[in-house]
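Structure record follows, encoded as structure tokens.
The values are calculated or read from the model by the stated rules, or taken from the named source; none is laboratory data. Keep in mind it's a predicted model, so treat the numbers as computed, not measured. Reconstructed Cβ throughout: ideal geometry from the backbone, glycine too, with neighbour counts over all protein chains shown.
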Amino acid sequence: MSGELNKEIKRVSNLIQNRTASKATIETQARMNIWKRQINITDRFKSETDKKLAQKLFDNYLENYDFDNFSDLNTLADLIFEEVLKQNIQDLISKVTSDDSNTYISDKQIKSLHDVETRVLDLKKRLHIIEDESKQNELSALEQYEKRMDKYIEFHRNEFEFVCPDCGQPTLIRRRCGNKDFEILKHPFFSGRFYYNARGIALVKEGIWTKEQYAYAFFTHADYVEWCIKNEDKIPDIPEFSEDEIKEFINKNPYIQKAIIPKNIKKEV
């Protein structure tokens, strides 16, 4: 992680509106801020009118669409250049048609406008601002899988992060899975991204263990055990997903749900 990105992450995370945002959201926002500064859309134009229009278009696209990488932002800058050019050609044609003494529009002007419109359409398809109908169904399915993966990562951050030995910052990784010769085991000290053992908490709630015994067994503090019990049914810091989506995910993943204590453990010795 670069020093510039590290610095921007710290700045973004200190903003009031980001106090409840996830680490992944903050890092994405920080990267986007750096990319926007590197592009500087107004440098591509000479007139102040064009600069203002370009900046307005750039801000509108960033506000209404999601762009995931620097390459997409460069393509967006190309799109804005073509849209400003299109506006200038349209203004020129409009000026000609509004002049009563001039009833002729050159074929060259019409062709230029159509060429620019074709390039604008192509760039919008590349950025998925408008969808190619033949690929729309495929993209919709892919977007659903991507959203499902984003949700899975938010619930399992501790299983996908490590501390970078160089900069000391938490780094998001992808867990390798699917090997036919190995079974992926869940660590008993974690439930998703929480330091939490569902069976231990169930024993505390039944009075079989005290909070202090749980804290001793899991190398934590009794106050944290109390916090776990109070927040057992809550999954905080996931603003990207609705309450119904969170409940649906929990219901489909038994290891996140409350543990049920076997009768032989409850039986008095």
In this structure, is residue 62 among the aliphatic types (A, V, I, L, M), exposed (fewer than 15 other Cβ atoms within 10 Å of the Cβ) and part of a helix (DSSP H, G or I)?
-> yes
Is there a residue being surrounded by 12 or more Cβ atoms within 10 Å (Cβ to Cβ), of a type in the set (Gly, Ala, Ser), more than 26 Å from residue 150 (Cα to Cα) and modelled with pLDDT of 70 or more anywhere in the range 186-205?
-> yes
Does residue 96 satisfy being under 19 Å from residue 119 (Cα atoms) and out of contact with any Lys or Arg (no Cβ under 8 Å at 6 or more places or on another chain)?
-> no
If you take the residues of the range 5-18 that are free of Cβ contacts under 8 Å to residues at least 12 places away in the same chain and either of a type in the set (D, E, K, R) or not assigned by TED's automatic domain parsing to the domain that holds residue 36 (or both), which of them is nearest to residue 70 (Cα to Cα)?
-> 7
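Could you list all residues from the range 99-111 that are at pLDDT 75 or above and in a loop (DSSP other than H, G, I, E, B)? Explain how you work it out, then say what you get.
Kept after step one, since they are at pLDDT 75 or above, are these residues of the range 99-111: 106-111.
Of everything in the range 99-111, just one residue is at pLDDT 75 or above and in a loop (DSSP other than H, G, I, E, B), namely 106.
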Consider only pairs whose beta carbons are under 8 Å apart and that are at least six residues apart or on different chains; among these, list those whose first residue lies in the range 42-55 and is over 12 Å from residue 83 (Cβ atoms) and whose second residue is assigned to a loop (DSSP other than H, G, I, E, B).
-> 51/45
Just one of the numbered conditions (1) assigned to a helix (DSSP H, G or I); (2) touching a residue at least 24 places away in the same chain (Cβ under 8 Å) is not true of residue 21; which one?
-> (1)
